[in-house]
Structure formats: C-alpha cells, structure tokens
Amino acid sequence: MANDIEDRKRAEQLQANLAHISRVNAMGELVASISHELAQPIIASTVNAKASLRWLQHTPPDLTKVREGTEKIVEACTLAANIIDRLRSLYKNASPKRELLALNEVTEEMAGMLRSEARTHGVSIRTILSNDLPMTMADRLQMQQVLMNLMLNGIEAMKDTGGVLTVKSQLREDGKIQISIHDTGLGLPHGTAEQIFDAFFTTKSQGSGMGLAINKSIVESQGGRIWASSNGGRGATFQFTLPATPAEASPPVDAA
C-alpha cells in the first residue's frame, strides 16, 4: 500500500511538472501579444499624465481635468497590473488546487488575453457562453492552460488564412458542462482525431506532441472527457466536458 501511494505521488508530480513545462512553452508564443497588451495601458498612462501636467500649468490650474486625468492613469495602471498577474499565474508551478470555478469567467479571461495574438494573424475570437452554466470543481490554473492551448491551436490553424475562433459553453442534457473551441482552418488530417491526444504524436513540423496529451490528462483527472472532430473539411472543433457542481454545493449569495 505504501508503494502504491508513493507511485501515485510520483505520477502526480510528473504530471504537474509536464504541465508546467507545457504552459511555459506555450507562453513563449504569447510574448508579443502580452507586450502589445501591456503597451496600451502604459501609453494611456503617459498621455494622461502629460495632459494633467498641462492642466496644472494653466492659470488657474483646472483641477477637475487634472482629477479626471489622474483617475484614467489609475485605471490604466490597474489594467496593466491585472495583465501582469495573469501572466505570473500561468508561470507558477503550483500543485493542483480544486475550487468552485465559473468556467465562463475563465473562458472570457483567456479569450481576452489571446485576442491581440489572434488579431496579428487576421483571426477574431467570438464567445457564445450559456447564461445558466453551473459551477464546477476544478483547478483554475489547469483550466486556463487547457483553454489557452486549445485556443492557440485554433489560432495557429488559421494563421495563414485568417478566420473566426468560436468558443462556446453549454450545459448538456446529461448535466455536464461542455466547452467547444471551433476554428475555420484546414481541419484535422484524415484519421488523426483519436491519435492527436497521444503523447508525442503531432501534426506540426515543430510540435512536441505533448500539449494535447497533457490537456487530456488534466481534463480526465478532473472527471471530464476531451475529443476532437473535423468540420466537414472546414476547420476543426475541440470539445471537453467537466462535471457540474450541484447547486447546494455552491456558496450562498449574499442578500445584500
């Protein structure tokens, strides 16, 4: 029994290490996007700071305009800090932490992070999220990784042609949460829909073959399932499910 426990711990640690390596590698693809995203609030802060200085030099100083400019600087700096926090969280090599999670919120967060990267390839990201989606028990960081990997794959599939990446959430009839990522690229090579989740199998010339395998491991470890399908010669759809948390398990909403 002791040996079984040790073997399971080593397997869990190996999975966590592989997931961390995959996440850091994927983040390399986002450097330009993050730089562009950070540049916007920095430029906004600079513009508003210069404008505030000009209003202060008026006789008399226009303190209302100065206050408005200062408030805009605070907003821009808060946005920049949030971007940095998201980036830092994705680099962390932390142990999985299950918590009540709103998948719509995580999906919107990752879509927002990737929009700049998508635009550089002529790709737009569209989200269609169900309003009645229940919570799930999952590790937030791992779900960010799964969504980031699947969205980046979709963007890459359309990088030469442009297109639309559609991310959809819904509650299935069997009570499970389903997330779908649909691209309008070239689609999957014939007969690879099952193989692409195998470790070291890749259809990319420079791919490691580990990204989708790790995604499968993460989703299945949290009670879900992941699969892929071609869209009749026009793009591909990756989908995964996670079990919904019973409503009585969710924290109470404050009456205030």
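The values are calculated or read from the model by the stated rules, or taken from the named source; none is laboratory data. Since the model is a prediction, treat every value here as computed from it, not as a measurement. For neighbour counting, all protein chains shown are included, and Cβ atoms are generated from backbone atoms with ideal geometry for every residue, glycine included.
Within the range 144-157, can you find the residues that are touching a residue at least 60 places away in the same chain (Cβ under 8 Å) and either assigned to a loop (DSSP other than H, G, I, E, B) or out of contact with any strand residue (DSSP E or B) (no Cβ under 6 Å at 6 or more places or on another chain) (or both)? Even if it seems obvious, please write down each step before you answer.
Pass one, the range 144-157, residues touching a residue at least 60 places away in the same chain (Cβ under 8 Å): 145-146, 148-150, 152-154, 157.
Answer for the range 144-157, where residues must be touching a residue at least 60 places away in the same chain (Cβ under 8 Å) and either assigned to a loop (DSSP other than H, G, I, E, B) or out of contact with any strand residue (DSSP E or B) (no Cβ under 6 Å at 6 or more places or on another chain) (or both): Gln145, Val146, Met148, Asn149, Leu152, Asn153, Ala157.
Taking the criterion of being small (Gly, Ala, Ser) and modelled with pLDDT of 85 or more, the residues of the range 94-112 that qualify are Ala102, Ala111. When the range 149-181 is filtered for residues that are crowded, with 17+ Cβ neighbours inside 10 Å, farther than 16 Å from Leu242 by Cβ and among the aliphatic types (A, V, I, L, M), the ones remaining, listed by number, are Met151, Leu152, Ile155, Ala157, Met158, Leu165. Please indicate, with yes or no, whether at least one residue in the range 116-130 is under 19 Å from Gly224 (Cβ atoms) and either of a type in the set (Gly, Ala, Ser) or assigned by TED's automatic domain parsing to the domain that holds Gln222 (or both). Looking through the range 116-130, at least one residue is under 19 Å from Gly224 (Cβ atoms) and either of a type in the set (Gly, Ala, Ser) or assigned by TED's automatic domain parsing to the domain that holds Gln222 (or both). Filtering the range 120-167 to residues that are more than 10 Å from the chain's Cα centre (by Cα), within 21 Å of Ile196 (Cα to Cα) and modelled with pLDDT under 95 leaves Asn153, Gly154, Ile155, Glu156, Ala157, Met158, Lys159. Of all residues in the range 23-59, those being of a type in the set (A, V, I, L, M, F, W, C), in contact with a helix residue (DSSP H, G or I) (Cβ under 7 Å, 6 or more places away or on another chain) and at pLDDT 80 or above number 5.
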